[in-house]
Amino acid sequence: MSWLEQWRQAATGWIYPPQCAGCDVPLSSQRQIEVPFLCHDCEEKLVPIPQGYCPVCGQSYDAPVGMSLRCGNCGDRELAFDFAVSAYRSSGEARAMMHAYKYGKQLHLSRLMGKLMQSIWGDTRLHEIDSWLVVPVPLHPKRQRGRGFNQSQEIAREFIRHAPPEIDLKLAPVLKRSRHTVRQAQLDRRERLKNLKGAFQLRKKLSKELVNEHGILIIDDVMTTGTTVSECAEILRSAGDAVSSEWSRIVGLSVLRG
Ligand SMILES: [Zn+2]
Ligand SMILES: [Zn+2]
């Protein structure tokens, strides 16, 4: 651990007494380094996405792998990303922690969320490209002011800090939310698919070189139907088209899968 890392560790330990985000037990400094703000017992309760998940939208199958060729979530619609991968299911403990993080102004839990997302590297397709732009799903400024931070951007930052050394990740907040929308979580599936039309925009024109040389990782905290990430991917695809170039791949990543 570098001195900067150690200092950071000490500083956050001083501001926030290291406690488990799930059950409030105090954590040793060694545990804090391994998995920040999560005790071993609560980590055990998280439900990883099993090996068999949809190769397109990342939804984990309840049926045994290979039972259905068309995924119930994405089989009947066009998604603008190439594929999506999530780390854990949004159930029980995980859902409660994410809720506390986002709505309880618990910015320090960004470190935990970024750490949890590391398990997506188990998907070998992510190692086929070594240079990625990391694009957080933007929040509308009004919502960001209320929340105090954009969780996707903070998770992206932490995710980048722990990336495998052979992979180059650059934070690229190139999207903005131009329309204030109802929270996706408050809507049913049909409404979700319509709610975000035209909600995102590019901040500025991207260069042909930038598009040529990178894949895109779109980061969201929780993915459910994949609509939000797909809308972002669509804007990025047209940004490539506008400079007659193409991203090598557009992938959606999230900590939790609803
Ligand atoms: Zn705990
Ligand atoms: Zn699917």
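May I ask for the angle, rounded to the nearest 10°, between helix 227-242 and the longest principal axis of the chain, with both axes built from Cα atoms and the value confined to 0 to 90°? Orientation of helix 227-242: about 50 degrees from the principal axis. For the chain, 23, 42, 232 stand unpaired, since no other cysteine beta carbon lies under 4.7 Å from theirs.
Of the beta bridges DSSP finds with both residues in the range 48-257, what % are antiparallel, to the nearest 5?
Looking only at bridges with both residues in the range 48-257, the antiparallel portion is about 20 percent.
Within the shell defined by Cβ-Cβ distances under 10 Å, the residues around residue 130 carry a net charge of -3, with Lys and Arg each +1 and Asp and Glu each -1. Can you tell which of 58, 72, 22 shows the greatest fluctuation in a Gaussian network model of the chain with Cα springs below 10 Å? Highest fluctuation among the options: 72.
Longest stretch of the chain clear of exposed loop sites (GluC sites (Glu not before Pro), DSSP loop, at most 12 other Cβ atoms within 10 Å, sites excluded): 167-245. Taking 7 Å steps out from each Cα toward its Cβ at residue 209 and residue 70 produces label points 4.6 nm apart.
Using a Gaussian network model of the chain in which every pair of alpha carbons under 10 angstrom is joined by a spring, one finds that among 161, 145, 192 the greatest mean-square fluctuation is at 145.
Determine the share of the chain's accessible area contributed by carbon and sulfur atoms, expressed in whole percent, with a 1.4 angstrom probe.
Carbon-and-sulfur percentage of accessible area, whole number: 53.
Placing dummy labels 7 Å off each Cα toward the beta-carbon, the span from residue 202 to residue 149 is 3.0 nm.
Assuming R0 = 30 Å, what is the FRET efficiency of residue 245 and residue 167, from their Cβ-Cβ distance, to the nearest 0.05? Could the numbers behind the result be given before it?
Details: r = 21 Å, r/R0 = 0.71.
The formula returns an efficiency of 0.90 here.
Just to confirm the number: angle between the C-alpha axis of helix 92-103 and the first principal axis of the chain, 0 to 90 degrees, nearest 10? Its long axis makes an angle of about 80 degrees.
What do you get for the angle between helix 151-161 and the principal long axis of the chain? Use alpha-carbon atoms, 0 to 90 degrees, nearest ten. Approximately 70 degrees, to the nearest 10.
Taking every protein chain into account, the accessible area of the chain amounts to 50 square angstrom per residue (probe 1.4 Å).
Normalised by residue number, the volume inside the convex hull of the Cα atoms of the range 144-212 is 149 Å³ per residue. Across 233, 80, 163, mean-square fluctuation computed from a Gaussian network of the chain (C-alpha pairs under 10 Å connected) peaks at 163.
Pairwise Cα distances in the range 48-257 exceed 29 Å for 20 percent of all pairs.
The values are calculated or read from the model by the stated rules, or taken from the named source; none is laboratory data. The structure displayed is predicted, hence computed values, not measured ones. Every residue, glycine as well, gets a Cβ built from its backbone with ideal geometry; the counts of neighbours run over all protein chains shown. The area values use the complete protein model at the heavy-atom level, side chains included, leaving out ligands, DNA and RNA. Shrake-Rupley method; radii C 1.70, N 1.55, O 1.52, S 1.80 Å.
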